[in-house]
Every structure is written in structure tokens, then in C-alpha cells.
Amino acid sequence: MIRRIPPTLLTFFLAACATASQSAPSSTGAAASTGELPALDAIRSEDIRKDISILASDAMRGREAGTIDELRASGWLVEQIRGIGLEPAGEDGTFYQWFNMRRIRLSDASQVQVAGSSLTMWKDVIVATPTDVTLNLPLVFVGTGSDAELQGKDLTGKAVAALLVAPPNPPGRNVSLASWRYATGAVRAQSMRILAKGAAAVVLVADSLGEQGMPFFAANAGRGSYGVDSIGIEKRPRRTPPVLLVRGAMLDRVKAVGSQLSVTLTTESFTYPTVNIVGRVNGTSASKRNEYVLYSAHQDHDGVRFPIDGDSIWNGADDNATVSVALMAIARAFVKRPGERPTLFVWHGAEERGLIGSRYHAAHPMVPRDQIIAVLNADMMGRNSPDSASLLGVQPPHRNSADLVQMALRANDLTGKFKLDSIWDRPTHPEGWYFRSDHLPYARLNIPAVEYSSNLHPDYHTPRDEWERIDISKLTRMTQWMYATGWLVSNAAQRPRLDPGFKLER
Ligand SMILES: [Zn+2]
């Protein structure tokens, strides 16, 4: 259910922003004039449709990070932006910024025995996170592991078994693969509570919905975890206590007095090449030449995975081919008419593996970090109702620049005039949407940042996220909105200021 910002609140908010930033243009909602957005017409829906039909096609095989498919999509992107007229801003005079991604997964040699039965990995038992641990402990069954059931129980060093219970925020009806999200959310919440009591291992017995989610959970957990070597990921994970999910049929054996848990878990790790694509349009102002407006997208998605309805290519049309082609259209506009400040375009690799490309670029930026004055990121801009969308980083504690928000709202007035759905930006939102895309590493470094999104839909992260389901007209208007924001920032008298006291809730 889309919630609009009530008019009274909006006026109040804009007033608040207005006071916060005297220099920014007023948000009277005056219609866009060509004078104000001189190259708006360079953003054309037919280009966007053509580009997305290629980038999100089956031929691109879902562009999984660390595979030849992501590299191939990146090569295609580079040839497109070279043709558009972007300047290379990557390494060695190229458009590429290369780096290695590390993957850590449970080795096939790993074994689990519960109550004397050897369980088949990823079929009868899921190990939630890869870890290197060998243990042999009696199982302590604690029912659902509620605070009342755990009251007075000393779980230190014990292997604790419990019945899986629903996660704090069960996935809504509008969410894809709900059973998977239910299972992962429940395992995460319940194991954290039990581990906080000092348990050495956790065995959760799936309920019916949790069991439905096991195949997807297994396919994902089996892949392991990903990170970037140079930014603090350990070469080998800590010896974290194992968290196991087993089928409901195991309940009696787990509950049986004297039943034992015996595990030998080992990990193995690999590195894979991945890449950010970086291009630039120089500005027209000498005094502002060291102030970059950064447009952000990610070119990767989930690749070829387990089939759903016979389709195993997870195309990632909305996530995030929409924004990858939007940046190409915005590049056409800035090449046609550069702003006063330079514009940097970054297609981040390996976003789906944990914001890896943006964490890498934020840590190793291709221009000095203090010259990045604003990050305009977007993730999924082509679905859901045609006249509404979300702008994240608007409400404290996610807002880090009232100036930037003001310009983005003005840009919306000048272009898409979308009704803004504010709930996705709330710290209370169960999806934690603000923390799930590439603006985050920059915002964490106190760079003014916002995110555009048309939010979740039932095809999210499934093979059904196909380009034919994208609302090209909406996507074009979202692209115009993003462009207009960057144009206003590029030509503003002063760079957006960081809000004093900005601190994210996690
Ligand atoms: Zn995405």
C-alpha cells in the first residue's frame, strides 16, 4: 500500500528545508522550462527501451558478478558510453576500475550429524553462514526459545535446539519468494537471540513455511559470502558458532533426551575479478571543476540460478538494468549540454553480492573523495504504479543533506511529479530499503546522497524480472527526474551541505 506524504506535512517539510538552505532555488513547483533543463529532450524512451532490451536480455545471462557475464555486460556498457561521448575516468585511461572479490563458502567435505543421523548438506540441513568449526555436543531443546522458555537457562557453550518461529517482520504479500525471506528472516532473528545467551551452536527445526523456503535458502547459503579483500574482509571467516536449519521431520530426534550434535564444518575461499565502470563529462566552470556530481547504478544481477517455472535466467531488468540504462540516457543529456560542475557516472559491479563495487569505489574513488559533492543513486525504477515512487535519504536519520533533498524535490516538480511514498525511507520499515543499495558506502563517508526507487514487487530477484515488464514511460520520467536533480546540483551556486549531526541508525 503506497502512502503519500500528506500535503500539510509536505509544505511543513519544504519550509523546514527552505530554512535549512537559503541558497537553494524555491520549490514553487513551476513547470519545467527548456531553459531550466536545456537537454531534457536528450532523454528519449526509445533509447531506453532499446538499451534495456539488450542489457536485460537472456543473452546477458543475468550479469552475475565474478562471472564472464558481468564482464561481458560491462564491455557492452563501455562501448555504449564511449559512443555517447563520455570520457574514460577509470584506471589507466580506460573506463574500467578492476578489483578482486573474495568468496567464502562451506566446503563439500563438511558434515553434520544430528541424533546419530548424517544429514545431506543443503537438502536436509542448511548451514546459515560459512564457518570453520568442529564440535560434538549434547543437544538442549528449548521449545520455541522464547524469553520465557529461556528464563533461568544457562546456555553457555551448549548446542541449543528450538522450533523455528516467524520472523519479527514476516514478508508482505507483495514480496517475491516469501517463504525464502520468511526462512532467512526467522533463522537470523531466532539464532541471534539464542547465540546472545552464549550458545555454541543453534539447531532450528523448520515450521511448514520455513521448510518451503529451504530450497531457495540452501541455493543461496550454499553460495557462501562475498566481500572485498582490501576492505577488511577476513581471508577466512571467524570461527562463528554454527547455525543450522533442519526439516520438521527431525523434531522428535532433536527433542530426544541424550541426542547429540556432531559437526565438522570447513570453508574454502576463492577470488573473482569484478569491475566498476567509470565515465565523466567535464563541467564548464573553472572554479567548480573539482566538484563532481556522481550518478550511481549497478550493472550486475543474480545470473543463472535454479529455475522457476522452467526459467533459470534471473534477468534483473528492473534490478538494476533500468538504472544502468537511465545513466546512459542522462549521459547523453550532459554530453549535449554539460553543467558547470563535472559529472561522474559509475556503474558499480557486484552490488548483489553486498554492495561490493560501491564499497570498493567509495574506498578507492577515481577522483579525490572530497571532490564528490553528491551521490545520486537509484535502484529499480521501472515498476509499480506509474505516478508514484520513493526518494530515500529524505527523512532523518537517513537524510544527510537538506540542500540535496530540496533540489531533488524541485527536480521532481520540474519533471516526473511523482507522488512520493515516504514509508520506504523510514528506519522502522521492515525491508530496511535505505541500507540495500550503492549510495550507502558514500553516505557512510558523509557524502550527500539520495536514492530513487519504485520499490519492491513480486518479481523482485526472480527470473520473472524481465524487461518486457518494465514501464518504459515511468522509467523515462524517473530518468528525467534523476537528470534534473544532477543538473540543479551541477549549476547550484554552492555545493550541497552535509547536515550537521548526520548519523545513520545502524
Ligand atoms: Zn539492485
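The values are calculated or read from the model by the stated rules, or taken from the named source; none is laboratory data. On a predicted model such as this, the values are computed, not experimentally measured, just so you know. Glycine also receives a Cβ, built like all others from the backbone with ideal geometry; neighbour counts cover every protein chain displayed. For the accessible areas, the whole protein counts, side chains as well, though only heavy atoms, and no ligand, DNA or RNA atoms are used. Shrake-Rupley method; radii C 1.70, N 1.55, O 1.52, S 1.80 Å.
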### Query
Rolling a 1.4 angstrom probe over the protein heavy atoms, how many square angstrom per residue are accessible across the chain?
39
### Query
Assuming R0 = 51 Å, what is the FRET efficiency of Asp309 and Ala493, from their Cβ-Cβ distance, to the nearest 0.05?
0.40
### Task
Using θ = phi - 60° and the Karplus relation 6.51 cos²θ - 1.76 cosθ + 1.60, list the HN-Hα couplings for segment 268-275 in order, rounded to whole Hz, with x at every Gly or Pro.
9, 9, 9, 10, 10, x, 9, 8
### Task
With +1 on each Lys and Arg Cβ and -1 on each Asp and Glu Cβ, and nothing else charged, work out how big the dipole of the chain is about its Cα centre, in Debye to the nearest 20.
900
#### Entry: segment 353-489, relative contact order in percent, only Cα pairs under 8 angstrom and at least six apart counted
41
### Message
If the reach is capped at under 19 angstrom between alpha carbons, list the lysines near Lys255, excluding any in the same chain fewer than eight residues apart.
### Response
Lys153, Lys158
### Spin-label zone in segment 400-434 - amide nitrogen under 17 Å from a point set 7 Å from the Cα of Ala166 along the C-beta vector
430-431
### the chain: calculated mean residue ellipticity at 222 nm from DSSP helix runs of at least 4, using -39500 (n - 2.57)
-8500 deg cm²/dmol
### Query
Cα-based Rg (one decimal) and Dmax (whole number) for the chain, in Å?
24.2, 79
#### Entry: P(r), alpha carbons of segment 108-265 - 10 Å bins starting at zero, rounded %
11, 41, 36, 11, 1
### Summary
Checking segment 97-166 for trypsin sites (Lys or Arg not before Pro) in a loop per DSSP with at most 15 other beta-carbon atoms within 10 Å yields Lys123, Lys153
#### Entry: Positive-end extreme of charge dipole, the chain - chosen from Ala317, Trp433, Thr284 (charges on Cβ)
Trp433
### Query
What is the spin-label model distance, in nm, from Arg444 to Ser118 if the labels are put 7 Å beyond Cα along the C-beta direction?
4.1
### Query
Can you give me the Cα centroid spacing of segment 109-175 and segment 277-317 in angstrom?
38
### Task
Quick one: dipole size for segment 189-300, taken about the Cα centre, charges +1 on Lys/Arg Cβ and -1 on Asp/Glu Cβ, in debye to the nearest 20.
280
### Query
Counting alpha carbon pairs within less than 8 Å and at least 6 residues apart, what relative contact order, in whole percent, applies to segment 108-265?
42
### Query
Quick one: length gained pulling Asp370 to His429 fully straight, 0.36 nm per residue minus the C-alpha distance?
18.1 nm
### Query
Assuming R0 = 25 Å, what is the FRET efficiency of Lys419 and Arg44, from their Cβ-Cβ distance, to the nearest 0.05?
0.55
### Query
For the charge dipole of the chain, defined by +1 on Lys and Arg C-beta atoms and -1 on Asp and Glu C-beta atoms about the Cα centroid, which residue among Leu164, Ser45, Ala484 has the Cα displaced farthest towards the positive pole?
Leu164
## Note on the structure
The extension gain from Lys255 to Leu504, computed as 0.36 nm times the residue separation minus the Cα-Cα distance, is 85.4 nm
### Query
Once you mark the GluC sites (Glu not before Pro) that are in a DSSP loop and have at most 11 other Cβ atoms within 10 Å, what is the longest gap between them in the chain?
235-504
### Task
Can you tell me the dipole magnitude for segment 108-265 around its Cα centre, using point charges on the Cβ only (Lys, Arg +1; Asp, Glu -1), in Debye to the nearest 20?
160
### Query
Could you give the nm distance between label points at Arg72 and Glu87, where each point is 7 Å from its Cα heading toward the beta carbon?
3.3
### Message
Rounded to the nearest 5, what % of DSSP beta bridges with both residues in segment 108-265 are antiparallel?
### Response
55
## Note on the structure
Counting only residues 5 or more apart in sequence or on a different chain, those whose built amide H sits under 5 Å from that of Tyr452 are Asn377, Ala378, Asp379, Leu392
### Message
Over the chain, what is the relative contact order in percent, taking alpha-carbon pairs closer than 8 angstrom and at least six residues apart?
### Response
23
#### Entry: Separation in nanometres of the label points that stand 7 Å from Cα toward Cβ, at Thr264 and Lys153
3.0
### Summary
Per the rule of 0.36 nm per residue minus the C-alpha distance, extending Ala59 to Ser385 adds in nm 114.5 nm
